[in-house]
1. Could you tell me whether segment 36-49 includes any residue that is modelled with pLDDT of 95 or more, among the aliphatic types (A, V, I, L, M) and out of contact with any strand residue (DSSP E or B) (no Cβ under 9 Å at 6 or more places or on another chain)?
2. Condition (residue is of a type in the set (S, T, N, Q), surrounded by 13 or more Cβ atoms within 10 Å (Cβ to Cβ) and in a strand (DSSP E or B)) applied to segment 75-91: is it met by at least one residue?
3. Could you run through segment 37-60 and say how many residues are of a type in the set (Lys, Arg) and closer than 18 Å to residue 121 by Cβ?
4. Looking at the structure I just gave you, is residue 103 aromatic (Phe, Trp, Tyr) and touching a strand residue (DSSP E or B) at 6+ places or on another chain (Cβ under 6 Å)?
5. Here's a check for you: in segment 19-36, which residue that is in a helix (DSSP H, G or I) and surrounded by 15 or more Cβ atoms within 10 Å (Cβ to Cβ) is farthest from the chain's Cα centre (by Cα)?
6. Kindly check whether there is at least one residue in segment 50-57 that is assigned to a loop (DSSP other than H, G, I, E, B), within 22 Å of residue 4 (Cα to Cα) and touching a strand residue (DSSP E or B) at 6+ places or on another chain (Cβ under 7 Å).
7. When the residues of segment 92-112 are narrowed to those that are among the hydrophobic types (A, V, I, L, M, F, W, C) and in a helix (DSSP H, G or I), which ends up surrounded by the fewest Cβ atoms within 10 Å (Cβ to Cβ)?
8. Looking at segment 1-16, which of its residues are in a helix (DSSP H, G or I) and under 14 Å from the mean Cα position of the chain (by Cα)?
Amino acid sequence: MSIQNVLVVDDSKTELMFMTDLLQKNGMNVRTAESAEEAFKRLAEEKPDLILMDVVMPGQNGFQLTRSINRTPEYSAIPIIMCTSKNLETDRVWAMRQGARDYITKPVNAVELFAKIKALG
């Protein structure tokens, strides 16, 4: 599976702009969401090949949203990479238990991110 369409879920406009720019420069189509509610709207519009998910967001956090997506049959096959400032091993383990395929900490290292994306594709 080639990853072309990415949904970035983060409540930081700065982070959304950074990730969008980075992914688009590498030929990917990017859509964004700033909350769990908005993320589900984007999923209903068009299923992405990958979701990059922040953890700390108002309302439903990234762990909860990852679990919700993985429990929804039509979205459960979409890989999720957590992309967060939370860098404790317990956070990484919890993310994987919720259904994330991988975990990367901010500030995002582009080489590391694309290696993780390539490993999924």
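1. Yes, that holds for at least one residue.
2. In the first step, residues of segment 75-91 are kept if they are of a type in the set (S, T, N, Q); the result is 76, 84-85, 87, 90.
Remaining after also requiring surrounded by 13 or more Cβ atoms within 10 Å (Cβ to Cβ): 84-85.
Remaining after also requiring in a strand (DSSP E or B): 84.
Yes, the conditions are met somewhere in segment 75-91.
3. First, pick out the residues of segment 37-60 that are of a type in the set (Lys, Arg): 41-42, 47.
Okay, now just the ones that are also closer than 18 Å to residue 121 by Cβ, so 47.
Residues flagged as of a type in the set (Lys, Arg) and closer than 18 Å to residue 121 by Cβ within segment 37-60 amount to 1.
4. Working: aromatic (Phe, Trp, Tyr): yes; touching a strand residue (DSSP E or B) at 6+ places or on another chain (Cβ under 6 Å): yes.
Yes, satisfied.
5. Residues of segment 19-36 in a helix (DSSP H, G or I): 19-25, 36.
Next cut, surrounded by 15 or more Cβ atoms within 10 Å (Cβ to Cβ) only: 19-20, 22-23, 36.
Numbers: 19: 10, 20: 12, 22: 14, 23: 12, 36: 11 Å.
For segment 19-36, the residue satisfying everything is 22.
6. In the first step, residues of segment 50-57 are kept if they are assigned to a loop (DSSP other than H, G, I, E, B); the result is 54-57.
Still in the running and within 22 Å of residue 4 (Cα to Cα): 54.
Now narrow it down to the ones that are touching a strand residue (DSSP E or B) at 6+ places or on another chain (Cβ under 7 Å): 54.
Yes, because at least one residue in segment 50-57 is assigned to a loop (DSSP other than H, G, I, E, B), within 22 Å of residue 4 (Cα to Cα) and touching a strand residue (DSSP E or B) at 6+ places or on another chain (Cβ under 7 Å).
7. Of all residues in segment 92-112, those among the hydrophobic types (A, V, I, L, M, F, W, C) come to 93-96, 100, 104, 108, 110-111.
Checking the rest, the ones that are also in a helix (DSSP H, G or I) come to 93-96, 110-111.
Values: 93: 11, 94: 17, 95: 24, 96: 14, 110: 14, 111: 8.
For segment 92-112, the residue satisfying everything is 111.
8. Pass one, segment 1-16, residues in a helix (DSSP H, G or I): 13-16.
Scanning segment 1-16 gives 15, 16.
The values are calculated or read from the model by the stated rules, or taken from the named source; none is laboratory data. Source: prediction; values computed, not measured. A quick note on method: Cβ atoms are made from the backbone with ideal geometry, for glycine too, and the neighbour counts reach across all protein chains shown.
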